[in-house]
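The values are calculated or read from the model by the stated rules, or taken from the named source; none is laboratory data. All values reported here derive from a predicted model rather than from experimental measurement. Note that each Cβ is placed from the backbone with ideal geometry, even for glycine, and that neighbours are counted across all protein chains shown. These accessible areas exclude ligands, DNA and RNA; they are computed on the full protein's heavy atoms, side chains included. Shrake-Rupley method; radii C 1.70, N 1.55, O 1.52, S 1.80 Å.
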Amino acid sequence: MKELLIVDGYNVIHGWTPLKSRAQEDLEWAREELVAILEDYAGFCGTDVLLVFDAHLSAAAERSVETKGPLTIVYTRADETADQYIERFVQEQKDAQTGVQISVATSDGTEQSLVLGMGAARVPARELGQVIEAAKARRRGLADAVKARTPLESRVEKHVIDKLEAIRRGPVEE
């Protein structure tokens with residue numbers, strides 16, 4: 001079954017300590033950092049991610065959508081909150097019976113209850129952070145496993161390789 005993770009952007013930024021503290025000084029940096037983290041996660045896990053930001057924190061009057069591989073970033077219209085967009089999106093997916101398993105990452109209790117009632121799973125912001133860290137650890141483990149399977153010659157000194165090569169080739173005929 002296809003999976004879709006919907007992330008309430010500002011809710012997650014304010015729910016993750018490293019992003020929250022930096023967002024107080026530079027909200028743009030926090031948004032870009034969240035985008036980078038989710039883009040990396042989506043690419044590694046193969047999960048589609050829909051990241052939704054409230055437009056009331058930006059100057060845009062119209063909704064904007066940007067796609068970066070399996071990550072789609074939505075800035076809602078000026079008169080629309082991220083919660084409203086997410087609720088409508090989840091309801092439309094349910095009504096269309098798409099068969100997509102939707103999870104919504106937010107720590108907003110009311111939003112969690114609403115999406116649960118529509119058949120989506122809820123993921124608190126802190127738990128999403130743990131899921132992403134676990135994925136990073138899995139990726140590091142895979143990278144370490146690949147490194148461990150490097151050719152023998154990368155673990156043998158050059159002079160030994162030269163001697164083995166001479167033996168392999170046999171006596172030099174003149």
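Being closer than 23 Å to residue 14 by Cα and either buried (at least 20 other Cβ atoms within 10 Å of the Cβ) or touching a residue at least 60 places away in the same chain (Cβ under 8 Å) (or both) is the requirement here; does residue 106 meet it?
yes
I'd like to verify a number: residues in segment 32-81 that are among the polar types (S, T, N, Q) and touching a Phe, Trp or Tyr at 6+ places or on another chain (Cβ under 7 Å), how many?
Within segment 32-81, residues that are among the polar types (S, T, N, Q) and touching a Phe, Trp or Tyr at 6+ places or on another chain (Cβ under 7 Å) number 3.
Would it be correct to say that residue 168 is under 29 Å from the mean Cα position of the chain (by Cα) and either at pLDDT 80 or above or open to solvent by 80 Å² or more (accessible area, probe 1.4 Å) (or both)?
Taking the combined requirement at face value, the residue does not satisfy it.
Going by the structure shown, is residue 155 at pLDDT below 85 and surrounded by fewer than 18 Cβ atoms within 10 Å (Cβ to Cβ)?
Yes; evaluated as a whole, the condition is true for this residue.
Hey, does segment 135-150 have a residue that's at pLDDT below 85, charged (D, E, K, R), exposed (fewer than 14 other Cβ atoms within 10 Å of the Cβ) and in a loop (DSSP other than H, G, I, E, B)?
Yes, segment 135-150 contains at least one residue that is at pLDDT below 85, charged (D, E, K, R), exposed (fewer than 14 other Cβ atoms within 10 Å of the Cβ) and in a loop (DSSP other than H, G, I, E, B).
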